[in-house]
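These notes concern the structure reproduced below.
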Amino acid sequence: RLGLSLGVNLLPTDAKICSFDCIYCECGFNTTMQDSPIPSRLQVRDALETKLKEMKSEGQIPDVITFAGNGEPTLHKDFEGIIDDTMELRNLYCPTAKVSVLSNSTRIHKPHIFRALNKVDNNILKFDSAIDRTMKLMDRPVGNHINVAWFIDQLKKFEGRLIIQTMFLRGIVEGETIDNTTDIELEAWMQALEEIKPQQVMIYSLDREAPTQNLQKVSPEELNAIADKARLRGLDVSVA
């Protein structure tokens with residue numbers, strides 16, 4: 001959905017490290033550190049510059065440089081500095097490319113993370129449900145401070161300079177039924193978005209194998225119907 005994307009992973013290649021442990025994550029459940037260390041800021045810069053030079057020489061300019069990877073990219077201790085380096089390299093080698101960050105929103109209360117995300121072109125932040133129990137069953141946050149009210153307060157601080165990303169699914173987890181497409185769920189979600197005022201909302205469903213069994217994909221037709229409801233509330237919604 002972002003075009004030709006050059007992905008950047010700031011975490012070990014043989015581990016999954018995240019402040020969420022989502023039931024649907026294509027990277028699987030969280031693990032501990034294995035043999036691969038977290039790359040340094042300099043290693044990231046050098047690798048990114050080498051790749052951008054290579055792509056430019058081949059005439060394959062990326063549409064976007066995307067930070068995602070094996071977990072939550074903002075967990076890197078030098079995240080803001082890496083974003084500064086990336087913006088500099090982007091301007092040097094591929095000025096038409098956008099810089100995107102896919103984040104689960106759990107660290108946006110940190111001043112250096114907030115500053116960094118305000119520098120990128122596409123600040124894409126997760127918000128899966130406006131009902132606490134559903135959010136906790138779907139996303140399984142590691143931090144005890146995290147709840148829906150906290151998310152809304154933090155997301156509002158971007159003053160609209162953000163893109164919300166929401167996963168829709170159904171299933172049974174820990175003996176409880178999950179379905180964030182119900183009328184109650186959608187109304188709470190749309191009310192929250194009206195408060196947050198994002199510039200765009202991206203909605204999607206399962207695409208790759210999830211680590212949790214008994215999860216069901218929401219059909220494209222249903223996603224489009226959800227998008228239409230949200231558009232009637234003045235929200236700019238895209239369906240992936």
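From the list ILE38, ILE23, ILE65, ILE61, the lone residue that is hydrophobic (A, V, I, L, M, F, W, C), in contact with a Ser or Thr (Cβ under 8 Å, 6 or more places away or on another chain), over 24 Å from LEU155 (Cβ atoms) and not in a helix (DSSP H, G or I) is ILE61.
Conditions tested, residue by residue: (1) small (Gly, Ala, Ser); (2) in contact with a Pro (Cβ under 7 Å, 6 or more places away or on another chain); (3) open to solvent by less than 50 Å² (accessible area, probe 1.4 Å).
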position: ALA116; (1), (2), (3): yes, no, yes
position: ASN122; (1), (2), (3): no, no, yes
position: ASP139; (1), (2), (3): no, no, yes
position: ARG161; (1), (2), (3): no, no, no
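Quick one: how many residues across the range 48-68 are open to solvent by 60 Å² or more (accessible area, probe 1.4 Å) and at negative phi? The number of residues fulfilling the criteria is 10. Residues in the range 170-186 that are over 16 Å from ALA227 (Cα atoms) and out of contact with any Gly (no Cβ under 7 Å at 6 or more places or on another chain): ARG170, GLY171, ILE172, VAL173, GLU174, GLY175, GLU176, THR177, ASP179. Might you let me know whether the range 210-217 holds any residue that is surrounded by fewer than 17 Cβ atoms within 10 Å (Cβ to Cβ) and aliphatic (A, V, I, L, M)? Among the residues of the range 210-217, not one is surrounded by fewer than 17 Cβ atoms within 10 Å (Cβ to Cβ) and aliphatic (A, V, I, L, M), which makes the answer no.
The condition (being of a type outside the set (Gly, Ala, Ser) and part of a loop (DSSP other than H, G, I, E, B)) is satisfied by just one residue among THR177, THR212, THR166: THR212. For the range 69-105, filtering for residues that are polar (S, T, N, Q), open to solvent by 20 Å² or more (accessible area, probe 1.4 Å) and either in contact with an Asp or Glu (Cβ under 6 Å, 6 or more places away or on another chain) or assigned to a helix (DSSP H, G or I) (or both) leaves 1.
No other residue among CYS27, CYS18 is under 15 Å from LEU75 (Cβ atoms) and either of a type outside the set (A, V, I, L, M, F, W, C) or touching a Leu at 6+ places or on another chain (Cβ under 9 Å) (or both) apart from CYS18. Tell me, which residue of the range 123-163 that is of a type in the set (Lys, Arg) and in a helix (DSSP H, G or I) is farthest from ASP179 (Cα to Cα)? So the residue we want is LYS156. Based on what the data block shows, is GLY143 within 13 Å of the chain's Cα centre (by Cα) and not aromatic (Phe, Trp, Tyr)? Taking the combined requirement at face value, the residue does not satisfy it.
Residue by residue, here is whether (1) closer than 20 Å to LEU193 by Cβ; (2) in contact with a strand residue (DSSP E or B) (Cβ under 8 Å, 6 or more places away or on another chain) holds:
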position	(1), (2)
ILE83	no, yes
THR86	no, yes
LEU92	no, no
ASN104	yes, yes
ASN118	yes, no
ASN123	yes, yes
LYS126	yes, yes
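Pairs are defined by a Cβ separation below 7 Å, a sequence spacing of at least 6 or placement on different chains, a first member in the range 13-37 that is acidic (Asp, Glu) and at pLDDT below 90, and a second member that is in a loop (DSSP other than H, G, I, E, B) and open to solvent by less than 70 Å² (accessible area, probe 1.4 Å); the pairs so defined are ASP14/SER36; ASP35/ASP14.
The values are calculated or read from the model by the stated rules, or taken from the named source; none is laboratory data. Small disclaimer: the values here were computed from a predicted structure and weren't measured. Please note: Cβ atoms are built from the backbone with ideal geometry, for glycine as well, and neighbour counts cover all protein chains shown. Side chains included, ligands, DNA and RNA excluded: accessible areas come from the protein's heavy atoms. Shrake-Rupley method; radii C 1.70, N 1.55, O 1.52, S 1.80 Å.
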